[in-house]
Every structure is written in C-alpha cells, then in structure tokens.
Amino acid sequence: MMRFSKLEGLGNDFIVVNAEAASETTVPGLARRICDRHYGVGADGLLVYSKEDSAGGADFSMRIFNADGGEAELSGNGLRCLAAFLLAERLAQDPVLRIATLAGVKVLRLTAASPPEYRFEVGMGEPRLERSQIAFKPPLEPVSLIGFELPVGDETQFVTISSMGNPHCSLFVGQFDDLNWEHLGQQIESHPFFPCRTNVEFIRVCNRNEIEVRFWERGVGKTFSSGTGSCAAMVASVLNGFTDRQVRINTLGGSLDIEWRADNRLQLTGPARLICSGEYAAGAEIS
C-alpha cells in the first residue's frame, strides 16, 4: 500500500507521493496506473517529492510525470499543489518554499490559507525565446518564433513558440466554438518539428489585461488549466502586441494572474486545493 494525496490547481489535478515510497516501483508505470481515471485514482499527473538540504538552495525537490508516464520539466499548477500538500501535512511551516525541478529551483510564497485551499505567488523564471533554447527543430532556421508558419495537415497555423523549461506552442483564435481545438492540439503536440512533443495553448484575447485560454497538454490531452501554459499564453500575447504585461488568465478551471516583470521574470498567482488522502494498492500495468 502506498500513501498518496490528491490536489488540484484550477481543475488541473495531481497525485502526490513520497519519492521513497515511489522508489519501490517503476515511476512511469506508476504514473500510468495511478493517474488512470477508470482503474486508478485519476489525475493529470503524478508528483514525486523528497526533502532536500536547504543549503543546496531548495527545501524540497519534485519530479513530474504526466498521465502517459512521460516526465515533464515543470508544472506551475503542480508546484502550487505540492506546496499546498507540504503545508497541509505540516512538512513545511515557512510561508516561503523553494522547490527544485528539472527547470531549476522555483520559489513560492503563501499569500492566503483557508484549508483545504491555499494561494501562492510563484516565481516561474524567465521565458526562453531563442530557438537554441527550445526543443523545436524545423527543417530551416526560422526568421522568427513569433507568428511562425507551422504546417499542420493541409493548413498553416500561425503560432508563437516559447519555453518555460518545457516547450510551448501558442496560437490565437476568435472563438473556441469555431475551431476543433482539441483535434488541432493533438496534431500539434506530436508535430515532427517538436522532437520532445509540445504543450499547446489556444488563446482568445478579451482586452489588454485579460485573455481566455484552452490547453492541450503534452502527455495528458485536454486540461482545465496549466500554469506553464498560462505563462506561455501570456508571453505570446505580449510579444504579439495584444496585451500589457499584467494579465488575468481565464481557464476552464478558474483564473490565474501573471505579471511579466521588468527583470524578465514571470510571477504567477493562483490557488491549490487538497482533495483527499489515502492508500493506493498498486495494480497491474496499464497497457
């Protein structure tokens, strides 16, 4: 039996387990089993955490596995969910938490607590906007990653490419009902120009300080929200001249606030909520 907790950040849900417990099994296989919504607990992803020596710059470390078993570099919603879990379980008492990820150490600050819900400011770091810094390999060196002409089937999609430590492809839409964005997201996720696959954001601009976004997440599919995807969508909106540098992101699961600061770093503010805790009986591999 394995202890677990389940949390959500605006409907983007995660299962949290200790690295020591997870070491007894193959973690990608565990992610596929436990995240399965019919035969497991059900979630978009699995967070595996461990305690770190704070002298090394982090209080805890986190590995993120998508529902398909693939490992992700970073999750903004996942960061908040892990921080909420650590506070709820009294594994951390300080309102400032430093969590190591594959995309570097991220700093979270608790701004409000009304258990089981917690609200954090998260330092998401600098967006990566150079082709050499992104897992993006078109056959010809692009002139620009803003308004890049991406061939998809028989059509061309004008997209903006970026990275938050994980790859993102953002495109703008007039109305979501006019586009089969889930099908298009699935096509773009596995596009040959993205050797590690990509996350996809569909953006509707509301005004200079507000956008609405739908997310197709690498290794998961449609998600209610995404922290890194919201950052990428906001960055794309600024780069294309549609918004200012303080933007509210409206998702299917609720709203996040993001500021792209003068020091080029992004700060995300949003909630995370503990859903339940329990014991998981590991089952057979999901094929």
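Looking only at residues of region 151-179 that are of a type in the set (A, V, I, L, M) and surrounded by fewer than 21 Cβ atoms within 10 Å (Cβ to Cβ), we find that the one that is nearest to Asn264 (Cα to Cα) is Val173.
How about region 137-150: which of its residues are among the aliphatic types (A, V, I, L, M), surrounded by fewer than 17 Cβ atoms within 10 Å (Cβ to Cβ) and within 14 Å of Phe194 (Cα to Cα)? Walk me through how you get there before you give the answer.
Taking region 137-150 as the starting set, the residues that turn out to be among the aliphatic types (A, V, I, L, M) are 140, 143, 145-146, 150.
Keeping just the survivors that are surrounded by fewer than 17 Cβ atoms within 10 Å (Cβ to Cβ) gives 140, 143.
Hit for region 137-150 is Leu140, nothing else.
Under the condition of being touching a residue at least 60 places away in the same chain (Cβ under 8 Å) and surrounded by fewer than 22 Cβ atoms within 10 Å (Cβ to Cβ), the residues counted in region 67-98 number 6. Scanning region 131-158 for residues that are in contact with a helix residue (DSSP H, G or I) (Cβ under 8 Å, 6 or more places away or on another chain) and assigned to a strand (DSSP E or B) turns up Leu150, Val152, Gln157. It is to be established whether one or more residues within region 66-86 are over 16 Å from the mean Cα position of the chain (by Cα), part of a strand (DSSP E or B) and hydrophobic (A, V, I, L, M, F, W, C). The answer is no, given that none of the residues of region 66-86 is over 16 Å from the mean Cα position of the chain (by Cα), part of a strand (DSSP E or B) and hydrophobic (A, V, I, L, M, F, W, C).
Specify the residue that is surrounded by the fewest Cβ atoms within 10 Å (Cβ to Cβ); the eligible residues are those in region 99-113 that are farther than 14 Å from Leu47 by Cβ and of a type in the set (Val, Ile, Thr). Within region 99-113, the match that is surrounded by the fewest Cβ atoms within 10 Å (Cβ to Cβ) is Thr111.
Count of region 104-129 residues, restricted to those that are at pLDDT below 95 and of a type in the set (Asp, Glu), is 0. Looking across region 219-232, the residues that are crowded, with 24+ Cβ neighbours inside 10 Å and farther than 16 Å from Phe176 by Cα come down to Ser226, Gly227, Thr228, Gly229, Ser230, Cys231, Ala232. Arg214 falls short on exactly one of the conditions (1) farther than 25 Å from Glu71 by Cβ; (2) surrounded by 24 or more Cβ atoms within 10 Å (Cβ to Cβ), and that condition is (1). Taking each residue of region 1-21 that is of a type in the set (Lys, Arg) and looking for partners that are crowded, with 21+ Cβ neighbours inside 10 Å and not in a strand (DSSP E or B) with beta-carbon atoms closer than 6 Å, six or more apart or interchain, yields nothing.
Screening Gly241 against (1) surrounded by fewer than 23 Cβ atoms within 10 Å (Cβ to Cβ); (2) within 30 Å of Val27 (Cα to Cα); (3) not assigned by TED's automatic domain parsing to the domain that holds Gly104 leaves a single unmet condition, (2).
The values are calculated or read from the model by the stated rules, or taken from the named source; none is laboratory data. What you see is a predicted model; the values in this text were computed from it and never measured. Cβ coordinates were reconstructed from backbone atoms using ideal geometry, including for glycine residues, and neighbour counts include every protein chain displayed.
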